[in-house]
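*Asks:* Take a look at this one; I'll ask things after.
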Amino acid sequence: MRLAIVKYNAGNIQSVLYALERIGATADVTDNPELLKSADKVIFPGVGEASSSMKYLKERNLDKVIADFKQPVLGICFGMQLMCTHSEEGNTECLGIFEEKVKKFPVVNGIKVPQIGWNQIDNLQTSLFDGIDENAFCYFVHSYYAAIGEHTIGTTEYGIQYSSALHKNNFWGVQYHPEKSATVGEKILKNFIEKIG
Amino acid sequence: MKGVNFLDLRDAGDPVELGALYAQQGADELVFLDITATVEKRKTLSELVNKIAHHINIPFTVGGGISSVQDVQTLLYNGADKVTINTSAFKRPELIHELSSEFGSQCVVLAIDTKQEEDGNWYVYLNGGRTKTEMECFEWAQKAVELGAGEILLTSMNNDGMKNGFAIDITRKLSTELPVPVIASGGAGTMAHFKEVFTDASADAALAASIFHFKEIGIPDLKQYLKENEIFVRI
């Protein structure tokens, strides 16, 4: 099994690498299209800003490379958001994999934006969540969200109900950080490696 | 969701082992502050951060002597998720903006050491609490948030080490009037103090050190107690 992590101008890639190590997996961190295309599975992580990251990906043609992946791909947090069609952040056209627009959290019910902290994941579907209980806690850091739609395979409530996990064909995305979500997150990463594909 | 955070692993044994143990026991975040950080020690600090980061599966915040984008880059590369800044940000507030535009606000935690003086006002202290300023705590916190700080780590020097509870009033003012999470620090002595800072001060997280290091309160017991008292915590 050869895992690849997409290297681009977003933070937090190191944390993903360490989390994989803890569950006994290794990965190449690369922006080389050939290495990415030939990997068995790809992780597209990130903490960043939408317009500058899309610009960076386009300049290197990585936007097309990612959208054309045939193997299982897991987008994490900002990576998942970039896999949607559009983000309100910087009014940015994104990769268009999930037909969903990413919007800023409305400040309702006394919430603080960004959401920084642990929250629950519900309505879990697909084998990505095998062995994970409903209402399990994961760690979130984000200001923008994807609404609930046809690709939703998990939801979370923060002022409103939104998609905290998406799935379409070979593409998967989670809004939280499994690499920072204790044993629940490790299980999700393990499921992606062992059960998806 | 309310967080229970842990500070300063260096005090009480092997920081790598302790960090892993706390993560396993249900800590929601680890905060590692090296308050004596100097230039010569920085390399040691990043190596230690790297070792701890390999062994914990929860968010990891690191602070001590950070004064540039380069400092933060090194720590993030070694596995920190966020950094805390304090004196250097007060002396050069643009640092907050520089860090938040480079790494995002979620990465930048402003630590404030504050003390209530006889005039009733809470003032900002620098250099690990050794230097008083004329700046009021709320005013500085508000300015820092405008500049891009994503969280506030608020330590009350009046309460720190006293074990008589957190500083409720100033914590409540910051956590209810600022749009970012506030982590309360200083004064935890009993499990009821944690409950109080969540219910009465609306703190987003509470941080403690010695009571955990010296096993006066167990993390699983504390979280169970909070849950039974209807505080939204991760078990």
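Any read-out appearing in this document is the output of simple, stated calculations on the displayed coordinates, not a laboratory observation. Small disclaimer: the values here were computed from a predicted structure and weren't measured. Glycine gets a Cβ as well: all are built from the backbone with ideal geometry, and neighbour counts include every protein chain shown.
*Asks:* At a Förster distance of 25 Å, what's the computed FRET efficiency of A:Asp133 paired with B:Gln224, Cβ-Cβ distance as r, to 0.05?
*Replies:* Details: r = 17 Å, r/R0 = 0.69.
For A:Asp133 and B:Gln224, the calculated efficiency is 0.90.
*Asks:* What whole-number distance in Å separates the alpha-carbon centres of segment A:30-101 and segment B:174-235?
*Replies:* Comparing the Cα centres of segment A:30-101 and segment B:174-235, I get a distance of 38 Å.
*Asks:* So in the protein assembly as shown, what percent of DSSP beta bridges are antiparallel if you round to the nearest 5?
*Replies:* Working: 32 of 79 bridges.
Restricted to the protein assembly as shown, the bridges split so that about 40 percent are antiparallel.
*Asks:* Now for a separate question. Which order do peptides B:177-185, A:58-66 fall in by mean Cβ count within 10 Å, highest first? Let's see the in-between values first.
*Replies:* Numbers: B:177-185: 22.3, A:58-66: 15.3.
Per-residue Cβ counts within 10 Å, averaged per peptide and sorted highest first, yield B:177-185, A:58-66.
*Asks:* Where does the longest stretch of chain B lie that holds no trypsin sites (Lys or Arg not before Pro) found in a DSSP loop with 14 or fewer other Cβ atoms within 10 Å?
*Replies:* B:42-129
*Asks:* Label point 7 Å out from A:Thr183 along Cα-to-Cβ: which residues of segment A:95-121 have amide N under 20 Å?
*Replies:* A:118-121
*Asks:* Simple spin-label model, 7 Å along Cα-to-Cβ: A:Lys64 to A:Asn91 in nm?
*Replies:* The modelled label-to-label distance comes out at 2.7 nm.
*Asks:* Given the Cα-Cα distance of B:Glu216 and B:Asn158 and 0.36 nm per residue of separation, how much length would full extension add, in nm? Please report the intermediate quantities before stating the final value.
*Replies:* On the way: separation 58, 0.36 × 58 = 20.88 nm, distance 2.11 nm.
That pair, B:Glu216 and B:Asn158, stretches by 18.8 nm at full extension.
*Asks:* For a quick check: sort B:Phe103, B:Phe194 by the number of other beta carbons within 10 angstrom, fewest at the front. The partial results should precede the final answer.
*Replies:* Numbers: B:Phe103 22, B:Phe194 28.
So the ranking, lowest neighbour count to highest, is B:Phe103, B:Phe194.
*Asks:* What is the sum of charges around B:Leu110, taking Lys and Arg as +1, Asp and Glu as -1, for the other residues whose C-beta is under 12 Å from the C-beta of B:Leu110? Present the calculation step by step, with values, prior to reporting the outcome.
*Replies:* Numbers: positive: B:Lys82, B:Lys143; negative: B:Asp113, B:Glu146, B:Glu151.
Neighbour charge sum, excluding B:Leu110 itself: -1.
*Asks:* Rounding to the nearest 20 debye, state how big the charge dipole of segment B:32-123 is about its Cα centre with +1 on each Lys and Arg Cβ and -1 on each Asp and Glu Cβ.
*Replies:* Numbers: 8 positive and 12 negative charges, 74 e Å.
For this selection, approximately 360 debye.
*Asks:* Estimate the FRET efficiency between B:Ser88 and B:Asp119 by the formula 1/(1 + (r/R0)^6), using the beta-carbon distance for r and 25 Å for R0, to the nearest 0.05. Before the final figure, lay out the partial values.
*Replies:* Numbers: r = 27 Å, r/R0 = 1.10.
For R0 = 25 Å, the calculated efficiency reads 0.35.
*Asks:* What's the local net charge at B:His54, with K and R +1, D and E -1, over the other residues with C-beta under 9 Å away? If you can, show how the numbers build up before the last one.
*Replies:* On the way: positive: A:Arg22, B:Lys51; negative: A:Glu21.
After counting each charged neighbour, the total is +1.
*Asks:* How crowded by other chains is A:110-116, given as the mean number of beta carbons from other chains within 10 Å of each beta carbon?
*Replies:* Mean inter-chain Cβ contacts per residue within 10 Å come to 5.
*Asks:* With charges only on Cβ, +1 for K and R and -1 for D and E, what is the dipole size of segment B:108-180 about its Cα centre, in debye, rounded to 20?
*Replies:* Working: 7 positive and 12 negative charges, 52 e Å.
Here segment B:108-180 has a charge dipole of around 260 debye.
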